[in-house]
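Worksheet: the structure to be examined is printed underneath.
Any read-out appearing in this document is the output of simple, stated calculations on the displayed coordinates, not a laboratory observation. Predicted model only: the values in this text are computed from it and were never measured. Every residue, glycine among them, receives a Cβ derived from its backbone with ideal geometry; neighbour counts consider all protein chains shown.
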Protein chains: 2
Amino acid sequence: MWTNMLTERLGVKYPIIKAPMLGCESPEFVATISNVGGLGAIGVGRTNGEGVREVIQKIRRLTDQPFCVNFFIPEKRMDGLEHVNDVNSVMEYYRKELNICSKPFMPPNYNIEEQINVILQEKVSVASFTFGCLEPYWIEILKKNGTTVYGTATNVREAVYLEESGVDFIVAQGSEAGGHRGTFLGEFNDSLIGSMALIPQIVTAVNIPVIAAGGIMDGRGIAAAFALGALGVQMGTAFLTCIESAAHLKHKELILNSTDELSCLTRTFSGKPARGIRNRFKTEMESHINLIPGYPIQETLTRDIREAAAEQNNTDFMLLWAGQASTLSRSLTVKELIDRLVVETEDVVNRLNESRY
Amino acid sequence: MWTNMLTERLGVKYPIIKAPMLGCESPEFVATISNVGGLGAIGVGRTNGEGVREVIQKIRRLTDQPFCVNFFIPEKRMDGLEHVNDVNSVMEYYRKELNICSKPFMPPNYNIEEQINVILQEKVSVASFTFGCLEPYWIEILKKNGTTVYGTATNVREAVYLEESGVDFIVAQGSEAGGHRGTFLGEFNDSLIGSMALIPQIVTAVNIPVIAAGGIMDGRGIAAAFALGALGVQMGTAFLTCIESAAHLKHKELILNSTDELSCLTRTFSGKPARGIRNRFKTEMESHINLIPGYPIQETLTRDIREAAAEQNNTDFMLLWAGQASTLSRSLTVKELIDRLVVETEDVVNRLNESRY
């Protein structure tokens, strides 16, 4: 039951895709997922071309299976530059607490064309993007080069825009999803649409395969996504707590012991709304919310603090991204997780077919 | 495939329950749903005992099938009484625009025990409640009297609390749902959990049947709810646009022509967060949001304005409750809708079983 247009096009055994989770992943982790039949994916964020090449080659040494490289579409505007000094002075207070050097603001700088050129040269089989839509020109070049391309939508308008731009598939990111919201057309709040509503509306609106993301943790979620018309699923939190994941142990621990009410949306860490378990940084910075610059400026301002906090095992200032179904997370190896997902999904479909619900 | 513990207990053909939608329903509409195999439900809000009895008897004259009476658990506190005069002076401005008399604030007053006593005397087969949990004492009396009782949960904590209080079932209200949020333990924002995440977490946490609500509009949604472990669904928006529904024609029209980004959560109408299509009242009152008293005070302050707006076909000030999957709404008779839901759900289950997804 696992073969469909999506698996055939991606060249994978199961339509189970790891969500890109920058900072919680490693080439080893990504390769492990691809090796057991899922699609491993790695976020390259603002890595330069050579860094992207290194990551790709590392994964290649560990798997001969397809994997996906995910990159960020740069923001059109730099919002909130005028508040940088005010916010950085609040950051200085935290740097002192964490015993790290004070740091002047350095504007973020990276080149997406450099990243795409490496993806082209390395002939990566799958590439995806978030925070916007890649120019149709580049989508066409990637596709002609043999790369399957997909983007992320949080509302119907974005899905239609992505389809018209030429992507092969669309990830429909429901409001349940952990990490950054992919919204790029319309307002963030209006695009906080739950998976149960988002997936069928996008499936109805477009003609290309849809991958469901947000709140999917087990076979029940996978079968539900199929029922809603998706051809595959993208899972983040479920993979994050895997034994092999590169997420911080404290981060895993908090997710494994979470409640469904613990996650919240916040733009305090990066300037862009993202879902994670609330901590002291989030709570304290919310009082400065009107000062906080947009993405990626705020992300640049907080980076050294987040990194130092992770090194010091201090969850007060760490990124703790998590989706809304975190109580269903499990501490398993990747192989155990995928095996269970497959059996569970098949059980749900049998249960429905035999009317045992 | 439509018989399960829930349908047997409710005595209905299909586990498809109409959401209580005070102001958009009539005894005729409720009876029509029960007559074609669903469970009609009517919200009695702050109707007095005799009013509740009249509604029940009207429905009884139109159907011999089970139906549900839904009542509100009174708030423990009256928040924001100190702002009543300020907010009422803003309302006076709108009353003038709508050419209606100025109105002093009258504190809301109703007696839930009076409502429950009528439900007991009339031996209504199903009763449900929202905005809190009925005292276990009353749940036991209702059940002993032959009434099946269910409550609404928006997070796992509420579901466990309801189960421990003795209800027969739980409605899991995902963040996609139109109308008022049922949250009664925890914060509203933390309890905006999408159905894809909420349903399986509640199903895992409790031992009684779960009814899924929020974003379910067609057979895809019903099959997805079953996959997630629910035994039935509660649908509001899908029934609201039915030919027989008592919703305002302008309200139906706006839903039938909506986009997925149009709905928003607002407490401007009633003091309690509710999801609906944004309009002028919502937008203008958001600038006074810190003054707006809690439910039911604000509900009382805005009632004459909402009623006058409906009479005048003025959508600027009307209640326009709608869920997040409103683009999937259809203008059908109740019988056509239920027939289609049944066929669609069976098609989805067959599609999954034959791996045609």
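Look at B:His248, A:His251 and count the other Cβ atoms within 10 Å of each Cβ; fewest to most, that gives B:His248, A:His251.
Averaging over all projection directions, the Cα-based convex hull of chain A occupies 16.8 nm² in the image plane. When both segment B:42-103 and segment A:285-338 are represented by their alpha-carbon centers, they are found 44 Å apart. The antiparallel fraction among DSSP beta bridges confined to chain A stands at about 20%. Helix A:112-121 versus the longest principal axis of chain A: what is the Cα-based angle in degrees, 0 to 90, to the nearest 10? In chain A, helix A:112-121 runs at an angle near 40 degrees to the longest axis.
Sorted shortest first, the separations between the A:Thr3 label point and its copies elsewhere in the assembly read 3.8 nm; each point sits 7 Å from Cα along the Cα-to-Cβ line. Looking at the protein assembly as shown, the DSSP beta bridges with both ends there are about 20 percent antiparallel. Helix-only arithmetic for chain A: the sum of -39500 (n - 2.57) across DSSP H runs with n ≥ 4, divided by the residue total, places the mean residue ellipticity at 222 nm at -12000 deg cm²/dmol. Taking Cα pairs under 8 Å and at least six residues apart, what relative contact order does chain A come out at, in percent? Reported relative contact order: 18 percent. Quick one: among B:Gly38, B:Gly271, B:Gly186, which has the greatest mean-square fluctuation in a GNM of chain B with alpha-carbon springs under 10 angstrom? Sorting by GNM fluctuation, first place goes to B:Gly186. Residues of segment B:33-47 falling in the label zone of B:Asp64, defined by backbone nitrogen less than 14 Å from a point 7 Å along Cα to beta-carbon, are B:35. Legend: mean number of C-beta atoms from other chains within 10 angstrom of residue C-beta atoms, peptide B:186-195, equals 6. Highest mobility in the GNM of chain B, judged by mean-square fluctuation with C-alpha springs under 10 Å and restricted to B:Lys103, B:Lys272, B:Lys252, is found for B:Lys103. Spread over its residues, the convex hull of the C-alpha atoms of segment B:222-319 is 137 Å³ per residue.
With 0.36 nm allotted per residue and the present C-alpha distance subtracted, the B:Asp339-B:Met1 stretch has 120.3 nm of extension available. Considering only A:Val84, A:Val52, A:Val36, the Gaussian network model of chain A with Cα springs below 10 Å gives its largest mean-square fluctuation to A:Val84.
Estimated from the Cβ-Cβ distance and a Förster radius of 45 angstrom, the FRET efficiency linking A:Leu256 and B:Lys143 is about 0.75.
Taking only pairs that are 8 or more places apart or on different chains, how many Lys pairs in chain B have Cα atoms under 16 angstrom apart? Close lysine pairs under the 16 Å cut-off: 7. Taking 14 Å as the cut-off, the amide N atoms of segment A:25-45 that come nearer than this to a point 7 Å along the Cα-to-beta-carbon line of A:Glu122 belong to A:26-31, A:40-45. Working from the Cα coordinates of the protein assembly as shown, the gyration tensor eigenvalues give, after taking √(5λ), semi-axes of 43, 30, 23 Å in decreasing order.
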